[in-house]
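One structure below.
The values are calculated or read from the model by the stated rules, or taken from the named source; none is laboratory data. What you see is a predicted model; the values in this text were computed from it and never measured. Here the Cβ is made from the backbone with ideal geometry for all residues, glycine too, and neighbour counts use every protein chain on show. Please note that ligands, DNA and RNA were not included when accessible areas were found on the heavy atoms of the full protein model with its side chains. Shrake-Rupley method; radii C 1.70, N 1.55, O 1.52, S 1.80 Å.
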Amino acid sequence: MGHIAAIGEPLRILGLASAGVLLRPAESPDAARDAWRDLPPDVDLVLLTPAAAGALGPEAVDGQEPLVAVMPP
(Lines give C-alpha, C1' and ligand atoms only; values in the text may rest on other atoms or scores of the structure.)
Protein backbone atom coordinates (compact mmCIF):
# COMPACT_ATOMS: atom_id res chain seq x y z
CA MET A 1 0.00 0.00 0.00
CA GLY A 2 1.26 3.44 -0.92
CA HIS A 3 1.32 6.64 1.05
CA ILE A 4 -0.80 9.77 1.15
CA ALA A 5 0.77 13.20 0.74
CA ALA A 6 -0.62 16.71 1.10
CA ILE A 7 0.68 19.80 -0.68
CA GLY A 8 -0.33 23.33 0.22
CA GLU A 9 -0.30 26.09 2.77
CA PRO A 10 1.06 24.81 6.09
CA LEU A 11 -1.95 25.85 8.18
CA ARG A 12 -4.31 24.04 5.80
CA ILE A 13 -2.44 20.72 5.83
CA LEU A 14 -0.90 20.60 9.32
CA GLY A 15 -3.73 18.61 10.91
CA LEU A 16 -3.28 15.79 8.41
CA ALA A 17 0.04 14.81 9.99
CA SER A 18 -1.83 13.12 12.85
CA ALA A 19 -3.30 10.70 10.29
CA GLY A 20 0.14 9.82 8.95
CA VAL A 21 -0.08 11.99 5.84
CA LEU A 22 3.25 13.08 4.37
CA LEU A 23 3.23 16.88 4.50
CA ARG A 24 4.74 19.01 1.75
CA PRO A 25 4.15 22.62 2.83
CA ALA A 26 4.05 25.09 -0.05
CA GLU A 27 3.64 28.82 0.56
CA SER A 28 4.01 29.79 -3.11
CA PRO A 29 3.18 28.40 -6.55
CA ASP A 30 6.85 27.57 -7.13
CA ALA A 31 7.01 25.69 -3.83
CA ALA A 32 3.89 23.70 -4.78
CA ARG A 33 5.43 22.74 -8.13
CA ASP A 34 8.69 21.73 -6.39
CA ALA A 35 6.77 19.64 -3.84
CA TRP A 36 4.85 17.89 -6.63
CA ARG A 37 8.00 17.16 -8.58
CA ASP A 38 9.76 15.78 -5.48
CA LEU A 39 7.00 13.42 -4.31
CA PRO A 40 8.28 9.94 -3.47
CA PRO A 41 7.31 7.27 -6.00
CA ASP A 42 5.27 5.31 -3.43
CA VAL A 43 2.67 8.09 -3.00
CA ASP A 44 -0.71 6.90 -4.27
CA LEU A 45 -2.92 9.81 -3.21
CA VAL A 46 -2.11 13.52 -3.09
CA LEU A 47 -4.34 16.00 -1.30
CA LEU A 48 -4.00 19.53 -2.64
CA THR A 49 -5.19 22.82 -1.21
CA PRO A 50 -7.02 24.93 -3.80
CA ALA A 51 -3.99 27.23 -4.11
CA ALA A 52 -1.65 24.29 -4.73
CA ALA A 53 -4.06 22.85 -7.30
CA GLY A 54 -4.13 26.21 -9.08
CA ALA A 55 -0.33 26.32 -9.14
CA LEU A 56 -0.09 22.80 -10.58
CA GLY A 57 -2.78 23.28 -13.19
CA PRO A 58 -5.36 20.83 -14.52
CA GLU A 59 -2.75 18.34 -15.72
CA ALA A 60 -1.97 17.30 -12.13
CA VAL A 61 -5.60 16.81 -11.16
CA ASP A 62 -6.54 15.01 -14.38
CA GLY A 63 -3.57 12.62 -14.38
CA GLN A 64 -3.74 8.87 -13.89
CA GLU A 65 -1.25 8.52 -11.05
CA PRO A 66 -1.10 9.47 -8.34
CA LEU A 67 -4.74 9.96 -7.54
CA VAL A 68 -5.38 13.62 -6.66
CA ALA A 69 -8.07 15.23 -4.54
CA VAL A 70 -8.49 18.99 -4.05
CA MET A 71 -9.60 20.17 -0.62
CA PRO A 72 -12.64 22.42 -0.47
CA PRO A 73 -11.93 26.14 -0.15
Tabulated pairs, the stretch 1-26, first under 14 Å from residue 67 (Cβ atoms) and in contact (Cβ under 8 Å) with a residue 60 or more places away in the chain, second assigned to a loop (DSSP other than H, G, I, E, B) and open to solvent by 50 Å² or more (accessible area, probe 1.4 Å), C-beta under 9 angstrom, 6+ apart or interchain: 2/41; 2/42
Scan of the stretch 1-53 for residues that are among the small types (Gly, Ala, Ser) and under 12 Å from the mean Cα position of the chain (by Cα), ordered by number: 5, 6, 8, 26, 31, 32, 35, 51, 52, 53
Test: residue in the stretch 48-57 that is of a type outside the set (D, E, K, R) and touching a residue at least 60 places away in the same chain (Cβ under 8 Å): no
All positions within the stretch 52-73 that are open to solvent by less than 90 Å² (accessible area, probe 1.4 Å) and either under 19 Å from residue 3 (Cα atoms) or in contact with a strand residue (DSSP E or B) (Cβ under 6 Å, 6 or more places away or on another chain) (or both): 52, 53, 60, 61, 63, 66, 68, 69, 70, 71
Qualifying residue in the stretch 24-43 (condition: at negative phi, part of a helix (DSSP H, G or I) and of a type in the set (Val, Ile, Thr)): no
